[in-house]
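*Asks:* The structure is given below, and queries will be raised subsequently.
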Amino acid sequence: MKKYAFLLIVAFVVPSAAFSQKEGNWENEEKRDLNNLVLTHPTVSNLKAIGNLIDNGLIDMENYRITGVYHADERYDYKDSRKYIDTASILSVDIYLHEFSDTIHPGLLFRQNALTDDYKKIFKHSEGVVFFGGPDLPPEVYNEKTSLLTSIYDPHRHYFELSFLFHLLGGFQNEDFDPLLNQNPDYLIYGFCLGLQTMNVATGGTLIQDIPSEIYEMNYVEDVLKLDPNRLHRNYHKRISMASDLLSGHFHRIHFQSTRYFNELHTENSTPSVYSNHHQAVKDIGKGFKVIAASMDGRIAEAIQHEKYSNVVGVQFHPEAAFLYDDGENFRLTPEDSVSFTGPQILQETHSMEFHRKFWENFQQRLNE
């Protein structure tokens with residue numbers, strides 16, 4: 001199986017002698033024949049996830065370059081990302097990292113601001129953008145008080161990504177704003193977990209801040225673990241067990257509605273098992289979105305799609321997780337399990353591998369359009 005690695009091209013960041021350097025910008029003439037896929041929050045983990053999808057033949061980046069974008073005030077140290085890419089030995093996919101540092105805060109998110117021209121440039125010179133998972137959004141951005149169960153870790157990442165998505169899609173917060181996708185309605189935007197939640201909030205939606213307490217009125221781990229497994233969205237055994245080999249997330253089934261999106265997947269399994277690791281979810285839906293998949297009890301939105309821009313899709317689960325497609329990592333789901341599993345084993349046993357492969361096949365088709 002062919003192994004993929006990345007070539008780092010740094011632009012708009014401070015050079016370092018430790019990195020392979022090549023000057024570049026969005027209009028780089030040498031790469032004008034390549035399409036551009038943008039990744040937000042390009043951490044080592046997220047770069048590895050994309051590399052693993054390429055490596056397993058789930059997506060094809062042969063005719064693409066990848067651009068990672070982030071704000072200078074994010075908590076993550078992107079020196080790690082540059083070091084990871086710089087040590088790669090096989091060069092097949094070019095990656096540019098772009099750092100932005102203009103002022104951004106909650107009062108500037110849903111309007112033109114100092115980053116507006118940068119967002120326009122990213123949009124103009126790319127075919128799509130992916131938003132990854134991460135920590136809780138600050139509730140102040142959707143005008144709610146902060147629950148004691150909400151954990152705010154990286155606000156500037158959220159401000160950067162929320163305003164970016166608002167510029168792309170518009171929202172209820174500013175009905176007169178002309179979204180960038182009006183210029184290119186086929187532009188691709190995908191969000192995983194936090195990515196879906198950010199899409200929803202950026203367009204004027206709100207969030208359930210804690211599923212067990214707000215939806216099921218449960219405040220204790222032991223009570224939550226008694227729920228039907230399809231109502232669990234992370235592995236709560238991790239809260240009370242010292243076992244080190246427990247998976248942090250949880251597998252559960254979801255239900256896809258018979259929509260055009262599901263029909264385009266060309267799979268008969270409308271209730272696949274998916275991997276998720278979250279405690280928040282969509283409450284009020286954002287402008288332009290519709291729910292296309294829900295939890296088995298119908299209480300949690302598991303996938304949303306934009307009604308006007310059909311290539312804008314968010315899922316509450318993690319189809320990008322590398323371990324789902326590799327047999328090298330074993331784990332247990334509960335402390336009582338006597339046998340460990342791999343991601344592919346779980347997907348095969350639940351007849352859900354085909355769904356995941358069809359998901360990425362559909363992603364590729366939409367990206368190439």
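The values are calculated or read from the model by the stated rules, or taken from the named source; none is laboratory data. The structure presented is a predicted model; accordingly, all values stated were derived computationally and were not measured. All Cβ positions, glycine included, derive from the backbone under ideal geometry; neighbour counts span all protein chains shown. The accessibility values were calculated without ligands, DNA or RNA, using every heavy atom of the protein model including side chains. Shrake-Rupley method; radii C 1.70, N 1.55, O 1.52, S 1.80 Å.
*Asks:* Which of the residue pairs 48/290; 48/83; 287/308 have a Cα-Cα distance greater than 21 Å in the structure shown?
*Replies:* Result: 48/290 exceed 21 Å.
*Asks:* How much of the DSSP bridge set in the chain is antiparallel, in percent, rounded to the nearest 5?
*Replies:* In the chain, DSSP labels about 40 percent of beta bridges as antiparallel.
*Asks:* Regarding the stretch 134-183, what are the three Cα extents along the principal axes, ordered largest first, in Å?
*Replies:* Largest to smallest, the principal-axis extents are 40, 19, 12 Å.
*Asks:* What list of ³J(HN,Hα) couplings, whole Hz, do you get for the stretch 314-321 from phi and the Karplus terms 6.51, -1.76, 1.60, once you set θ to phi - 60° and write x for glycine and proline?
*Replies:* The phi angles translate into x, 10, 7, 9, 10, x, 8, 4 Hz.
*Asks:* Starting from the Cα-Cα distance between residue 226 and residue 86, subtract it from 0.36 nm times their residue separation and give me the gain in nm to one decimal.
*Replies:* 45.7 nm
*Asks:* Express in nm, to one decimal, how much length is gained between residue 307 and residue 144 on full extension, taking 0.36 nm for each residue of separation and deducting their alpha carbon distance.
*Replies:* Here the segment from residue 307 to residue 144 would lengthen by 56.1 nm.
*Asks:* Run the numbers for residue 175 and residue 339: contour at 0.36 nm per residue of separation, minus the present Cα-Cα distance, in nm.
*Replies:* Here the answer is 53.6 nm.
*Asks:* To continue, here is another question. Quick one: accessible area per residue over the chain, 1.4 Å probe, rounded to a whole number of Å²?
*Replies:* It amounts to 43 Å² per residue over the chain.
*Asks:* How high is the FRET efficiency from residue 241 to residue 270, r the C-beta distance, R0 41 Å, rounded to 0.05?
*Replies:* 0.80
*Asks:* May I have the convex hull volume per residue, in Å³, for the Cα set of the stretch 278-369?
*Replies:* Roughly 123 Å³ of hull volume per residue.
*Asks:* From the helices alone, meaning DSSP H stretches of at least four residues, give me the mean residue ellipticity at 222 nm for the chain, per-run term -39500 (n - 2.57), in deg cm²/dmol to the nearest 500.
*Replies:* The helix-only estimate for the chain comes to -7000 deg cm²/dmol at 222 nm.
*Asks:* Of all GluC sites (Glu not before Pro) in the stretch 56-114, which ones are in loop regions per DSSP and have a Cβ with at most 16 other Cβ atoms within 10 Å?
*Replies:* Of the GluC sites (Glu not before Pro), the ones in loops of the stretch 56-114 whose Cβ has at most 16 other Cβ atoms within 10 Å are 62.
*Asks:* Net charge within 13 Å of residue 344 by Cβ-Cβ distance, Lys/Arg positive one each and Asp/Glu negative one each, not counting residue 344 itself?
*Replies:* -4
*Asks:* Write down the Kirkwood hydrodynamic radius of the stretch 160-206, to one decimal in angstroms, obtained as one divided by the mean of 1/r over all alpha carbon pairs.
*Replies:* 10.7 Å
*Asks:* Additional query: Which of the residue pairs 79/120; 121/238; 120/283 have a Cα-Cα distance greater than 32 Å in the structure shown?
*Replies:* Flagged as over cut-off: 121/238.
*Asks:* So how far apart, in nm, are the two label points at residue 182 and residue 34 if each is 7 Å from Cα heading toward Cβ?
*Replies:* 3.3 nm
*Asks:* Percent of accessible area on the chain owned by carbon and sulfur, 1.4 Å probe?
*Replies:* 46 percent
*Asks:* Tell me which GluC sites (Glu not before Pro) from the stretch 171-240 have a DSSP coil assignment and no more than 10 other beta carbons within 10 Å of their own.
*Replies:* 175, 217
*Asks:* In terms of the Cα gyration tensor, with a ≥ b ≥ c the square roots of its eigenvalues, is the stretch 81-141 rounded because a/c is under 1.5, prolate because a/b exceeds b/c, or oblate?
*Replies:* Prolate, since a/c reaches 1.5 and a/b exceeds b/c.
*Asks:* I want to verify the translational diffusion coefficient of the stretch 203-362 in µm²/s; compute it with Stokes-Einstein, Rh as the Kirkwood radius over Cα pairs, at 10 °C and 1.306 mPa s.
*Replies:* Stokes-Einstein gives a translational diffusion coefficient of 96 µm²/s.
*Asks:* Quick check of the Kirkwood formula: for the stretch 48-195, what is the inverse mean of 1/r over all pairs of different Cα atoms, in Å?
*Replies:* Every distinct Cα pair counted, the radius reaches 16.9 Å.
*Asks:* Please list, by residue number, everything in the stretch 354-369 whose backbone N is under 17 Å from a paramagnetic label point 7 Å out along Cα→Cβ of residue 60.
*Replies:* From the stretch 354-369, the list is 357-369.
*Asks:* May I pose another question? Taking only the alpha-carbon positions of the chain and ignoring solvent, what does the Debye formula give for the base-10 log of I(q)/I(0) at q = 0.09, 0.10 Å⁻¹?
*Replies:* With one equal scatterer per Cα and no solvent, log10 I(q)/I(0) is -0.50, -0.62.
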